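Have a look at the structure below, then the notes.
None of the figures in this text is laboratory data; all of them are computed from the coordinates on show. Owing to the predicted nature of the structure, the values given are computational and were not obtained by experimental measurement. Positions of Cβ are generated from backbone atoms using ideal geometry, with glycine treated the same way; all protein chains shown enter the neighbour counts.
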Amino acid sequence: MIAKDAPLVIEEKQIDMPEYDPLAPARAAFYSALIPGLGQVQNKKYWKIPIIYGGMAGGIYFYNRNNKDYNRFRDAYKRRLAGYTDDEFYGNGSEPLISNDRLINAQRSAQKNKSLSLMVTLGFYLLNIVDANVDAHLQQYEMLEDLSITPMLESDPIYAKTQYGLLLTYRW
């Protein structure tokens with residue numbers, strides 16, 4: 001039993017943490033908004049940069065491809081309305097290979113895919129900014145090794161069933 005006047009002593013651990021910089025997350029987000037990937041460079045997460053540029057390049061590629069397809073379908077439809085029968089979708093005979101209704105549907109589809117590609121590109125750009133900001137915030141938190149979560153697998157011999165769970169361990 002502890003006496004009432006006895007001081008309670010708790011063991012303290014000295015953790016070497018870099019100095020707290022409250023502007024680091026805002027700076028990382030600003031750098032990523034200015035040049036995509038620059039915030040990840042500041043956070044020293046270089047492996048994320050190819051993912052960002054790959055996603056944005058893919059969105060831009062598909063935007064350009066759908067834009068070209070849209071222009072092809074639109075130009076062919078406009079020529080048909082003007083009375084020409086020499087577009088690439090008409091064919092050699094008197095019957096068109098693709099009807100006017102199909103050209104209209106193809107234009108709508110290409111326009112929709114073009115908009116979707118633009119949204120994907122914009123999404124990767126915004127994700128780049130948010131990732132830089134969140135990563136800079138998380139770098140300033142204390143990461144103690146005293147807290148751990150481990151998967152737990154336990155076998156029940158009576159019912160021959162396996163039980164799954166997570167074990168949370170916190171050491172004082």
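Net charge around V41, counting only other residues with Cβ within less than 14 Å of its Cβ (Lys, Arg = +1; Asp, Glu = -1)?
Details: positive: R27, K44, K45, K48; negative: D131, D135.
Neighbourhood net charge equals +2.
Tabulate in residue order the Karplus-calculated ³J(HN,Hα) for region 31-45, using 6.51 cos²θ - 1.76 cosθ + 1.60 with θ = phi - 60°, rounded to whole Hz; enter x for Gly and Pro.
4, 5, 6, 5, 9, x, x, 5, x, 5, 5, 4, 7, 6, 10
Taking amide H positions as placed 1.01 Å from N in the peptide plane, with prolines and chain starts having none, which residues 5 or more places from Y90, or on another chain, fall under 5 Å of its amide H?
L97
Pop out the ³J(HN,Hα) list for region 84-91 in order, Karplus 6.51 cos²θ - 1.76 cosθ + 1.60 with θ = phi - 60°, rounded to Hz; leave Gly and Pro as x.
7, 10, 10, 6, 5, 9, 8, x
Tally Lys/Arg at +1 and Asp/Glu at -1 over every other residue whose Cβ is under 15 Å from the Cβ of S94; what's the total? It would help to have the intermediate numbers written out before the result.
Details: positive: R80; negative: D86, D87, E95.
Charge balance near S94 sits at -2.
Could you work out the local net charge near I104, counting Lys and Arg as +1, Asp and Glu as -1, over the other residues with Cβ closer than 11 Å to its Cβ?
Values: positive: R74, R80, R102, R108; negative: D101.
Residues near I104 contribute +3 overall.
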